[in-house]
1. Mind listing just one residue for me: the one in region 186-200 that is surrounded by fewer than 18 Cβ atoms within 10 Å (Cβ to Cβ) and out of contact with any helix residue (DSSP H, G or I) (no Cβ under 6 Å at 6 or more places or on another chain) and, of those, nearest to Leu253 (Cα to Cα)?
2. Are there any pairs, at least 6 apart or on different chains, whose C-beta atoms fall under 9 Å, with the first in region 202-221 and of a type in the set (Ser, Thr, Tyr) and the second buried (at least 20 other Cβ atoms within 10 Å of the Cβ) and not in a loop (DSSP other than H, G, I, E, B), and if so, which?
3. Would you point out the residue of region 201-230, among those that are surrounded by 14 or more Cβ atoms within 10 Å (Cβ to Cβ) and assigned to a loop (DSSP other than H, G, I, E, B), that is modelled with the highest pLDDT?
4. So Asp88 passes all but one of these: (1) over 26 Å from Lys187 (Cβ atoms); (2) modelled with pLDDT of 70 or more; (3) not aliphatic (A, V, I, L, M); (4) not assigned by TED's automatic domain parsing to the domain that holds Val137. Which condition number does it fail?
5. Every residue in region 77-91 that is in contact (Cβ under 8 Å) with a residue 24 or more places away in the chain and exposed (fewer than 11 other Cβ atoms within 10 Å of the Cβ), please.
6. Select from region 164-182 the residues that are of a type in the set (A, V, I, L, M, F, W, C) and without any contact (Cβ under 8 Å) to a residue 24 or more places away in the chain and list them in ascending order.
Amino acid sequence: MPLGRPHSKDYPEKYKNSFELYQLTQPPVPAGSPMADQVAAYLEWAIIQQQDGFEKGEIINIGALAEGSVDIMQFGAVLQGDYRMLDDKLILGLELGFASGDNSPGMGVRPFAEKQFSYAHGDTNINNFRFNLDYHVDMILWREIVGTVTDAFYLKPSVRYDVAEGFGAKLSAVYSSAIYSDSTRGKSHPLGLEFNLDIFYFSDDNFHAGIAYGLLIPFNGMDDLGDDMARGGIGEANQDDGGNIAHRILGRLVLYF
């Protein structure tokens with residue numbers, strides 16, 4: 001008689017139907033919950049409901065629920081250039097940025113919380129590249145609303161003028177567009193146009209001060225399309241709601257050691 005633990009022949013497809021029913025009938029697990037909590041909630045429901053594969057006497061292979069592969073193909077790039085004039089007092093700049101994405105709902109800054117892949121629905125790709133959170137492209141859209149650049153490209157021209165040594169101002173404009181319209185709430189590529197103005201001062205004794213103002217004009221990709229997720233919905237729950245203009249003021253006092 002062979003000894004040891006029973007060997008389960010379970011495979012992910014065995015649980016597909018019950019998992020889809022669970023997603024349709026049960027409230028979602030709070031965003032950001034550990035994967036273990038999500039699996040535990042599903043198992044508890046399936047056992048209580050005696051779903052196929054969870055009847056009394058069945059051997060449940062927990063590993064089968066997470067078994068499978070995820071395909072990842074991500075890439076991003078930034079190109080920056082400056083042209084200096086007037087003894088380097090006037091600087092014209094241009095920056096282009098790109099981060100790959102995929103057509104799963106949500107921008108993908110948090111791929112697990114936003115369900116950027118699902119074995120049950122045949123989506124096994126996570127292709128959205130994410131910029132480092134400390135790489136700040138703007139003041140509002142990517143830095144505060146989305147979290148970082150992902151599933152998008154942006155164009156950022158700028159002009160800087162140094163009025164005196166250590167004192168100057170910089171004005172930049174950032175046009176942003178999503179790679180996949182399905183990733184946005186408004187189901188549209190254009191995300192917005194943002195203007196940033198920064199006035200700064202650097203002293204010779206390691207002191208820095210500045211004040212910055214940001215203005216974001218949202219485009220169709222930032223709209224809320226209602227419950228039906230389609231433009232021109234009928235009924236209060238399906239009404240479209242356009243994004244509002246956003247402002248931000250940021251001051252800073254820095255002493256370097």
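The values are calculated or read from the model by the stated rules, or taken from the named source; none is laboratory data. Every value quoted in this text rests on a predicted model; they were computed, and no experiment measured them. Here the Cβ is made from the backbone with ideal geometry for all residues, glycine too, and neighbour counts use every protein chain on show.
1. Filtering first and then ranking leaves Phe200.
2. Final answer for the pair search is Tyr213/Asn196.
3. Phe219
4. (4)
5. Asp88
6. Answer for region 164-182, where residues must be of a type in the set (A, V, I, L, M, F, W, C) and without any contact (Cβ under 8 Å) to a residue 24 or more places away in the chain: Ala164, Ala173.
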